[in-house]
Amino acid sequence: MSRPRALVLQAPGTNRDHDAVFALELAGADAHIASLLDLADDDTPLLDAQLLVVAGGFSHADALGAGRMFALSLEHRFGDRVRAFVAAGKPVIGICNGFQTLVRAGLLPGALGHNASGGFQCEWVTLEPQQSVCVWTQGIGSIDCPIAHGEGRYVHPDVAALEAAGQVALRYRRNPNGSTSDIAGVCDPTGIVLGLMPHPENHVIARQHPHHVRGAAGGLGLQLFQRGVERAGAV
Amino acid sequence: MREVDRLTVRTLEPDPRSAALLDSARLLGFDDLAAIDVADVYFVAGALDDRARGQLTDVLVDPLLQLGSWGDPTADGVASDEGTVIEAALLPGVTDSVAATVIEVAGTLGLPVAEAATGRRYVVRTATGRALTEAERERLATRLLSNAVIERVALGTIEPAFAHASTPAPIEHVEVRGLDDAALAALNRERGMALDPAELRVIADWFEQAGRAPTDVELETLAQTWSEHCAHKTFRARVVLPDGSERPSLLARLRDATDRIDAPFVRSAFVGNAGIVSFWPGTTIAVKAETHNHPSAIEPFGGANTGVGGVIRDVMGAAHHPIATTDVLCFGPSDLAHELLPPGVIHPQLVREGVVAGVADYGNKIGLPTVAGAVLYDPGYTANPLVFCGCIGVGPDVAPPTGPYPGDLVVVLGGRTGRDGLRGATFSSATMDATTGDVAGASVQIGDPITEKLLIDLLRDAGGCWSAITDCGAGGLSSAIGEMAEQTGADVDLALAPLKYPGLSPWEIWLSEAQERMVIAVPPASLDELARHARRHGVELTVLGTFTGDGVLRVRHGEVLVLELATDFLHDGRPQRSMPAELPSPRRNGAVPACPDPSAALLALLAHPNIASKEAIIRRYDHEIRGTTVVRPLVGAGNDAPADGVVLAEPSGKVGIAIGHGVNPWYGVADPERMAHAVVDEALRNVVAVGADPAQVAIMDNFSWGDPRRPSTFGELVVTVDAICESSIAHGAPFVSGKDSLNNEYLGSDGERHSVPPTLVITAVAHVPDADLVVTPDLKAAGDELVLIGATSAEFGGSHLGAVLGGFDDPRDGTVPGPDARAPERYRRLHQAILTGRIRACHDLSEGGLAVALAEMAIGGRLGVDVHSLPTDDEVVSLFSESTGRFAVELAPGDHEWLAGALGEPVLVLGTVTAEPVVRIGSCSVSLDAAMAAFGAEGATWQPADATGGAR
């Protein structure tokens, strides 16, 4: 079976693109990075891709708010093609700054405000998958992975409605940033597009776990990418 | 005049900056403030109609989080503006990347915005509703809410200022011919050149011979190239001992040590931008550490920010791809009473806030893990904080670029040139005084990590397009092009340099320390390919001229020749200094502090700022990015106990790199020679403890000292260098790179000189043969045995027990821990033992000795210890002495005999790991809860998703 083609989108300041590529390759995808500048020259990689990742980082240095500029250029230049990608049922994931970008581009609900602590936080968290329509989290177990963000407090005016629509995909076991209802990741109404603040791409092998030296095993973030890649291969 | 619009943006929920500002205001003596509300302000110049304003609002304001109002900020009626209004905005010309983004957005949206600026609005309210006095407003505005080095401030609403073109000053000819020493000294002072009398004389003679007066560009270039910062005059000086005999320079001594070790893994030492080693086939590793002390003293955020950016560029300038950064920070006490703050000095807590934010901002945004480090507090750092930034990079093991060659193009990549950072090299080579912040404004740069990130990506993809590379650091283009052209000469035109704003004089363009620029030498045939890569990565590329081959550096500004100097004069014309040294004579009398209550002493040690948890700082750095961090700075059941070193390993590979630090200024005050041995040993212990191979360690030396023209200070440097060379040879760990930052002194308005404590940072970078076999200090299982490795004696000079007990009556009492001749052999054998996987936990013994080490291990494991055998008859010595060469390890029950055999020396079985949460060591007994509270461990144990718990 051929490996599904995954495209990792990058803007100036994106910095977890290579981490995402490593995770996708391990999960069975054929992954490549493209910047919006590359795609402006030639959008074939976007048209050919079966899975899209908007990777983490500090696109445009978070000037004017995290993800704002990335979302503007994405929407401005490729809005139609990204919407067609989603409409075709091809999985999309936005991680950290990618989540912020997809929210600001209107592909995901809610908003991401400054952490309750007021500052950037880097620590490991445990994510619990929720009953949801999200294609990325179906049947996966809990995930241990780090957060590394300053603007990750999820805000939504009507969590009950979001929950009822099956769009709450991941919750924190212990809320690190003041997110409403412990929400770590949400999906669009179709379940094709997932956004999450934590970094499952930084826990794809056992040695990356902080308690590896203490005998911890499992909780790999790789599960999430495997589910996405399976889905991409099936579309 | 243009029409200027103003948008004020507030958060809907309380802005977290407000709480932080209130805390800081208390430090400045403001006890009755109820609130300091913060809002962001955008100024846009252009004819905007309501629709255009609406479009901008959609971009600048998130309706779920923020509220924006155009025009007069008091008119919106949303936030009560009853209170004192203070607004701040960047000075024109200071890098404002947010404003640049606003202009970019407006362009995307097709809005007529010609210029933009940003600012902040503060509304300060007192609990009683009383109005602030004028003096209070002034103090808040200048000491807390703005920094005059980069910002303007207004009581009430501020008017925006945009950087406008000024008329460049024409070049100036400065007569030096025929001047006597006094006149040259006056010129030196007037132009802030920080040169020695002998150097001034050589310059005057050279121009006498040339038959002309130097231009201002030439004088500035010589002052920069010959500055202490760039030329390392002290470390290159002949050492004159008290008996009149002379010996080679300190740098020669360090080089000699590395030559004598002749380690096969060293590829490049003490040349170029960074040291280069190779621990495994196919890969080379570049390492570098730098200081950015003076800039961080006057503008902590920008100083630390650009310190990180600068050291990353050093690694790029060694043609390596950066993979991690480190930081060692030294601050004054956070709780210093504001009355004790010297004039012109920023409060240590605000310095720390700014420095940590600056380090975090650059490292997090550029996408490198900020991993190893240390934070030290001492009153000696109040006026002169120290910021040591390090970077590690990797590259394929190929021949390094060997150019430039005559005919290659001089190409500058990256950021544009502005007035930022003028005369930084000469500024950092001078003593600071109370007015330094006012006059040195132009010496501070603001970083732009995204531009540097793009440079990293470009250089990774465009390898092979250039024949030489270096970064623009201190001295800007002058330093970068001047050094590259040393063997060839060059001819460049400054009028071609892309500027942030027009109107710079030639010397300003040449000397500007604007950040995020690299200079490369490009064979003409490679230019097109390089330009394609640059365009793809959005990096600006400019050809400034060519490397010539005639040994002359020529700099033009359009038609005007502004500099013409022989490169051999520029680089080799400086007379070597001879510097007198008075060697220190420490007492070393073995005194032991009286310690009536060991339990209380242990808790006091755990709570001491130098030992207590640094979690609040560490968590603000992304230490996870790249997925390579295997041993983190915080470890254990609650991820909140200190690690010794950190380990990085590519997830696709087996091997890793360990990084460890050694630093101890308190030893330095008491006995610089022993301090030097101790910190090399500490750096080695830290990497060996996590699983690194002591036979494959490279070390870096970074000195921050006072004024070396004082013979006693220079003498401290001499014995320190001698000792680190001895230790380096004893451990077989060669120096590959180093840097000295001298003149870390502050001339207070009291007329007293304040020097930093002698501060030597040793960074060890080591090979980890198997990243799956790393070891951490946290205890793993109750019932295991605890073993002490190494010898303990009464060594309390500069100790932390001394510090918490108030010290000896005579500060020269006690003995600073000396070197242990058995240590190198011990570390090699311990490493072999670690590779068997039978060492369950390992922790080096340092500040606070055995008791602190065991308490930290217990905190890490959320377990107790029961220790009944002590290494000496004196309990205070056993618990708290800081003798070097020691580790505490955890073993499966009965394994101590195996370990003693493996080490080839006796070990001491201290006792056992207990489930009972008590740290019991001889008569010292504290509960785990009390130890954690004192240390500042958070308390919550993290239960991972699939915890199998306990031992492997």
Fill in the blank from the handout: Per the 1/(1 + (r/R0)^6) rule, R0 = 25 Å and r from the Cβ atoms of residue B:607 and residue B:339, FRET efficiency to 0.05 is 0.50
Fill in the blank from the handout: With R₀ set to 41 angstrom, the calculated FRET efficiency between the beta-carbons of residue A:234 and residue A:43, to the nearest 0.05, is 0.95
Completion exercise
One would report the Cα pair-distance distribution of chain B, bin width 20 Å, in %, as 13, 44, 34, 8, 0
Completion exercise
The set of cysteines in chain A having no other cysteine's C-beta under 4.7 Å reads A:96, A:122, A:145
Fill in the blank from the handout: Two pseudo-spin positions, 7 Å from Cα along C-beta at residue B:398 and at residue B:915, lie apart in nanometres by 5.9 nm
Exercise for the section: Could you work out the local net charge near residue B:563, counting Lys and Arg as +1, Asp and Glu as -1, over the other residues with Cβ closer than 13 Å to its Cβ? Expected result: -4
Handout entry: Stretchable slack from residue B:543 to residue B:321, in nm (0.36 nm times residue separation minus alpha-carbon distance)
Key = 77.6 nm
Handout entry: Cβ-defined net charge surrounding residue B:652, 15 Å radius [Lys, Arg +1; Asp, Glu -1]
Key = -3
Completion exercise
Helix B:97-109 sits off the longest principal axis of the Cα atoms of chain B, rounded to the nearest 10 on a 0 to 90 degree scale, by 60 degrees
Practice task
Evaluate peptide B:933-945: per residue, the Cβ atoms of other protein chains within 10 Å of its Cβ; return the mean as an integer.
Solution key: 4
Practice task
Keeping the other protein chains in place, figure out the carbon and sulfur percent of the accessible area of chain B, with a 1.4 Å probe.
Solution key: 52 percent
Exercise for the section: Assign one of three labels to chain A, namely rounded, prolate or oblate, based on the Cα gyration tensor with a ≥ b ≥ c the square roots of its eigenvalues; rounded applies when a/c is under 1.5, prolate when it is not and a/b is larger than b/c, and oblate otherwise. Expected result: rounded
Exercise for the section: Work out how much length residue A:158 to residue A:81 would gain on full extension: take 0.36 nm times their residue separation and subtract the Cα-Cα distance, in nm to one decimal. Expected result: 24.8 nm
Completion exercise
Counting only DSSP loop positions in the range B:102-144, the trypsin sites (Lys or Arg not before Pro) whose Cβ has at most 12 other Cβ atoms within 10 Å are B:130
Handout entry: Binned Cα-Cα distance frequencies in the range A:132-235 - 5 Å width, integer %
Key = 2, 13, 21, 23, 20, 13, 6, 2, 0
Problem - Carbon and sulfur %, accessible surface of chain A computed with the full protein complex present, 1.4 Å - result: 51 percent
Handout entry: Cα lying deepest toward the dipole's positive end in the protein assembly as shown, options B:937, B:594, B:706, charges on Cβ
Key = B:937
Exercise for the section: Enter the accessible area of residue A:76 (Å², nearest 10), with the probe set to 1.4 Å and all protein chains included. Expected result: 110 Å²
Completion exercise
From most to least accessible, 1.4 Å probe, no ligand or DNA/RNA atoms counted, B:754, A:18, A:60 line up as A:18, B:754, A:60
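To the nearest 20 debye, what charge dipole does the range B:4-155 have about its Cα centre, counting +1 at the Cβ of each Lys and Arg and -1 at the Cβ of each Asp and Glu?
With Lys and Arg at +1 and Asp and Glu at -1, about 300 debye.
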Handout entry: residue B:259/residue B:655 FRET efficiency (R0 25 Å; Cβ-Cβ; nearest 0.05)
Key = 0.40
Practice task
Provide the solvent-accessible area of residue B:167, counting protein heavy atoms only and rolling a 1.4 Å probe, rounded to the nearest 10 Å².
Solution key: 130 Å²
Exercise for the section: For every helix of n ≥ 4 consecutive DSSP H residues, a contribution of -39,500 (n - 2.57) applies; sum these over chain A, divide by its total residues, and give [θ] at 222 nm rounded to the nearest 500 deg cm²/dmol. Expected result: -8500 deg cm²/dmol
Handout entry: Per residue accessible area in Å² of the protein assembly as shown, where ligands, DNA and RNA are left out and the probe is 1.4 Å
Key = 33 Å²
Practice task
Could you let me know the centre-to-centre spacing of the range A:81-137 and the range B:15-71, using Cα atoms, in angstrom?
Solution key: 26 Å
Practice task
Using label points projected 7 Å from each Cα along Cα→Cβ, tell me how many nm separate residue A:2 and residue B:212, to one decimal.
Solution key: 6.8 nm
Exercise for the section: Would you mind classifying the range B:543-671 by shape? Square roots of the alpha carbon gyration tensor eigenvalues, ordered a ≥ b ≥ c; an a/c under 1.5 is rounded, otherwise it is prolate if a/b is larger than b/c and oblate if not. Expected result: oblate
Practice task
Take every Cα pair under 8 Å in chain B that's 6+ residues apart, average their separations, divide by the length, and report that relative contact order as a whole percent.
Solution key: 11 percent
Exercise for the section: Might you work out the accessible area of residue A:32 for me, using a 1.4 Å probe with all protein chains in place, and round it to the nearest 10 Å²? Expected result: 110 Å²
Exercise for the section: Describe numerically, in nm with one decimal, the distance between label points set 7 Å from Cα along Cα→Cβ at residue B:31 and at residue B:159. Expected result: 4.1 nm
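Evaluate peptide B:59-66: per residue, the Cβ atoms of other protein chains within 10 Å of its Cβ; return the mean as an integer.
5
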Fill in the blank from the handout: Counting Lys and Arg as +1 and Asp and Glu as -1 over every other residue whose Cβ sits under 10 Å from the Cβ of residue B:415, the net charge comes to -2
Completion exercise
Measuring from the longest principal axis of the C-alpha atoms of chain B, the long axis of helix B:823-835 (C-alpha) lies at a number of degrees, nearest 10, equal to 90 degrees
Handout entry: the range B:228-386: relative contact order in percent, alpha carbon pairs under 8 Å with at least 6 residues between
Key = 22 percent
Problem - Under 18 Å from the residue B:566 label point (7 Å along Cα→beta-carbon), backbone N, the range B:186-202 - result: B:199-202
Handout entry: Gyration tensor (alpha-carbon) shape descriptor, the range B:4-155, a/c threshold 1.5
Key = prolate
Problem - the range A:47-67-the range B:473-515 distance, computed between alpha-carbon centres (Å) - result: 35 Å
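Let's see if you can work this out: charge +1 on each Lys and Arg Cβ, -1 on each Asp and Glu Cβ, no other charges. What is the dipole magnitude of the protein assembly as shown about its Cα centre, in debye to the nearest 20? Show your work: numbers first, answer last.
Numbers: 89 positive and 149 negative charges, 382 e Å.
That gives the protein assembly as shown a dipole magnitude of about 1840 debye.
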Handout entry: Taking the range B:1-115 and dividing mean pair separation by its residue count, relative contact order in percent (alpha carbons under 8 Å, at least six apart)
Key = 37 percent
Exercise for the section: Can you find, among A:27, A:37, A:106, the residue farthest towards the positive end of the dipole of chain A? Put +1 on the C-beta of Lys and Arg, -1 on that of Asp and Glu. Expected result: A:27
Fill in the blank from the handout: Partner shielding of B:446-455, as the mean number of partner chain Cβ atoms within 10 Å, equals 3
Problem - Positive-end residue of B:660, B:24, B:269, charge dipole of chain B with Cβ unit charges - result: B:269
Practice task
Report the extension gain between residue B:198 and residue B:836 in nm, rounded to one decimal, defined as 0.36 nm multiplied by the number of residues separating them, less their alpha carbon distance.
Solution key: 223.6 nm
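Give me the orientation-averaged projected area of the Cα convex hull of the protein assembly as shown, in nm², one decimal. List each step's numbers first, then the result.
On the way: hull surface 180.9 nm².
With every direction weighted equally, the projected area is 45.2 nm².
The values are calculated or read from the model by the stated rules, or taken from the named source; none is laboratory data. In this text, all values refer to a predicted model and were calculated from it rather than measured experimentally. Cβ sites come from the backbone with ideal geometry, for glycine too, and all protein chains shown count toward neighbours. Surface accessibility is based on the protein's heavy atoms, side chains included, excluding ligands, DNA and RNA. Shrake-Rupley method; radii C 1.70, N 1.55, O 1.52, S 1.80 Å.
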